[in-house]
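Heads up: the structure comes next, in structure tokens.
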Amino acid sequence: MSTNSRDPRRVVITGLGTVSPVGNTVAEAWKNVVAGKSGIGPITTFDVTGDYPVKIAAEVKGFDAAKFLGDKVAKHLDRSCQFAMVAADEALADAKLGREFPGSFVPERVGVMVGSGIGGIQSLEKNGEIYFHKGHRRVSPFMIPMLIANLVPGQITIRHGFKGASFAHVSACATGNHSIGEAFRTLRWGYADVVVAGGTEAAITRLTVAGFANCRALSTSNELGAGACRPFDKERDGFIIGEGSACLVLETLEHARNRGARIYAELLGYGATSDAFHITAPTEGGEGIVRAMKLALDEAEVRPEELAYVNAHGTSTPYNDRTETIAYKAAFGKTAYNIPISSTKSMTGHLLGGAGALEAMFCIKAMEDSIIPPTINYKTPDPECDLDYVPNESRRSELPVTLSNAMGFGGQNATLIFRKLAA
């Protein structure tokens, strides 16, 4: 297809894949989230005995990268890249694209945009210890390729033979949404036919958890276990760090229809803004995310009254949840009180760079199955958070249009709007 024409193209989602704390396939993860089942539990990846402040996280369970990728490939990949490659494989198989489907794509017209907020931190920490205890000669020659975030999309392109543009967007907790949004732009304006987009993270490490704990971002309610992540609840005291990946296959509607693809949903709008305010805190009133939502609504040509569900950023930190609530009121007016809003982070924990893509996937599955996943652990209402957070139980509802929000350290915001495919 020529890229000379600049008429905007419609963009659809044709494949979904995930490795997550609530399940290592889309079907398993979605089933557990709908059931309100938490993936949060004791940290097992390193020793947290003694006075280590945080002892719980949302770890991926039962994951064997070698089973999917082969031992030779898996051992030279950081855990974050392993997650993304397996999630991308599932999404591509779901879409019937990639190396297992010869002739299903033109290599030069397929891109990959899968980012990470932190990158290969496990590989960095491991080789750092080796360096300090055994010297420079023992540092792995694979450390740099395992560490740098752009090797995530790079490895996916190599595995499947995709030769279009590939990037690793890095915007902390907004990474997944930015990756999907920029893929949308790429497709919309004719620079590709297909883009694999999403996010990944594997940052449950001694150093990373200590850093987040010392900046007072994490919950220290270790005794509550799976009940510690309490978005919008008055007793919330911080987020729970998670890990995993989600990838989506996006393609132009024309390309999808020409090859007879099953279509999950259409991506209608994308808004991206910056707060220009603080390295970790959003602006009072959430001005940046308000603008992102309004930009997305404007591009999608959707009114707030048409929104059937919002998957909130909903981190379970005191400041974020209050600010996000204020932002919804500012963006949607009185309609904010009528829109179901839930935080699936109450079950998955916060996947950082992988969060937005996983939550976009949940929006799409919610539309497909006409069910809204809950915000679990909601017990004590907060007068400052007074919207409908779908507390504790899923809710049946027709969902023609959904919205997903993400906000990252550095004041970076991204909003996505999806709808069931219209003619």
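The values are calculated or read from the model by the stated rules, or taken from the named source; none is laboratory data. In this text the structure is predicted, and so the values were computed from the model without any measurement. In this analysis, Cβ positions are derived from the backbone assuming ideal geometry, glycine residues included, and neighbour counts consider all displayed protein chains. Quick note on the areas: whole protein, heavy atoms, side chains included, nothing else; ligands and nucleic acids left out. Shrake-Rupley method; radii C 1.70, N 1.55, O 1.52, S 1.80 Å.
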Some residue of segment 335-343 being crowded, with 20+ Cβ neighbours inside 10 Å, in contact with a helix residue (DSSP H, G or I) (Cβ under 9 Å, 6 or more places away or on another chain) and farther than 27 Å from GLY41 by Cβ: yes
Unmet criterion (only one of (1) within 21 Å of ALA183 (Cα to Cα); (2) of a type in the set (Gly, Ala, Ser); (3) modelled with pLDDT of 95 or more) for SER2: (3)
Any pair with Cβ under 9 angstrom, 6 or more apart, that starts in segment 390-418 at a residue that is among the charged types (D, E, K, R) and ends at one that is in a strand (DSSP E or B) and open to solvent by 10 Å² or more (accessible area, probe 1.4 Å): ARG395/ILE371; ARG396/ILE371
From the options GLY410, GLY353, residue that is buried (at least 24 other Cβ atoms within 10 Å of the Cβ) and either in a strand (DSSP E or B) or of a type outside the set (A, V, I, L, M, F, W, C) (or both): GLY353
Hits in segment 183-208 (condition: of a type in the set (D, E, K, R), out of contact with any His (no Cβ under 6 Å at 6 or more places or on another chain) and either farther than 30 Å from THR49 by Cα or open to solvent by 10 Å² or more (accessible area, probe 1.4 Å) (or both)): ARG185, ARG188, ARG206
Residue selected from segment 45-56 under the condition within 22 Å of LEU351 (Cα to Cα) and out of contact with any Ser or Thr (no Cβ under 8 Å at 6 or more places or on another chain), by the criterion surrounded by the fewest Cβ atoms within 10 Å (Cβ to Cβ): ASP47
Any hit, segment 145-163, residues being open to solvent by 10 Å² or more (accessible area, probe 1.4 Å), at positive phi and outside any helix (DSSP H, G or I): yes
Segment 226-269, subset open to solvent by 10 Å² or more (accessible area, probe 1.4 Å), charged (D, E, K, R) and touching a strand residue (DSSP E or B) at 6+ places or on another chain (Cβ under 7 Å), residue farthest from ALA360 (Cα to Cα): LYS234
Looking only at segment 270-294, and only at residues there that are of a type in the set (D, E, K, R) and over 28 Å from ALA213 (Cβ atoms), the one that is surrounded by the fewest Cβ atoms within 10 Å (Cβ to Cβ): LYS294
Unmet criterion (only one of (1) crowded, with 24+ Cβ neighbours inside 10 Å; (2) free of Cβ contacts under 8 Å to residues at least 40 places away in the same chain) for ASN177: (2)
Any hit, segment 112-120, residues being open to solvent by less than 10 Å² (accessible area, probe 1.4 Å) and assigned to a loop (DSSP other than H, G, I, E, B): yes
ASP64 vs. criteria farther than 23 Å from LEU358 by Cα, open to solvent by 50 Å² or more (accessible area, probe 1.4 Å) and out of contact with any strand residue (DSSP E or B) (no Cβ under 9 Å at 6 or more places or on another chain): no
Members of segment 359-392 found to be surrounded by fewer than 21 Cβ atoms within 10 Å (Cβ to Cβ), of a type in the set (S, T, N, Q) and at negative phi, listed by number: THR380
Options VAL86, VAL106, VAL114; residue that is of a type in the set (A, V, I, L, M, F, W, C) and over 17 Å from the mean Cα position of the chain (by Cα): VAL106
In segment 121-144, residue nearest to GLY354 (Cα to Cα) [restricted to those that are open to solvent by 20 Å² or more (accessible area, probe 1.4 Å) and hydroxyl-bearing (Ser, Thr, Tyr)]: SER140
Residue among GLY285, GLY353 that is in contact with a helix residue (DSSP H, G or I) (Cβ under 7 Å, 6 or more places away or on another chain) and modelled with pLDDT under 95: GLY285
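Does segment 213-233 hold any residues that are part of a loop (DSSP other than H, G, I, E, B), of a type outside the set (Gly, Ala, Ser), closer than 21 Å to PRO381 by Cβ and out of contact with any Cys (no Cβ under 8 Å at 6 or more places or on another chain), and which are they?
Result: CYS229, ARG230, PRO231.
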Matching residues, segment 273-285, being over 27 Å from PRO21 (Cβ atoms) and in contact with a strand residue (DSSP E or B) (Cβ under 8 Å, 6 or more places away or on another chain): THR273, SER274, ASP275
Within segment 67-98, considering residues that are part of a loop (DSSP other than H, G, I, E, B) and either under 18 Å from THR18 (Cα atoms) or touching a residue at least 12 places away in the same chain (Cβ under 8 Å) (or both), the one most open to solvent (accessible area, probe 1.4 Å): LYS96
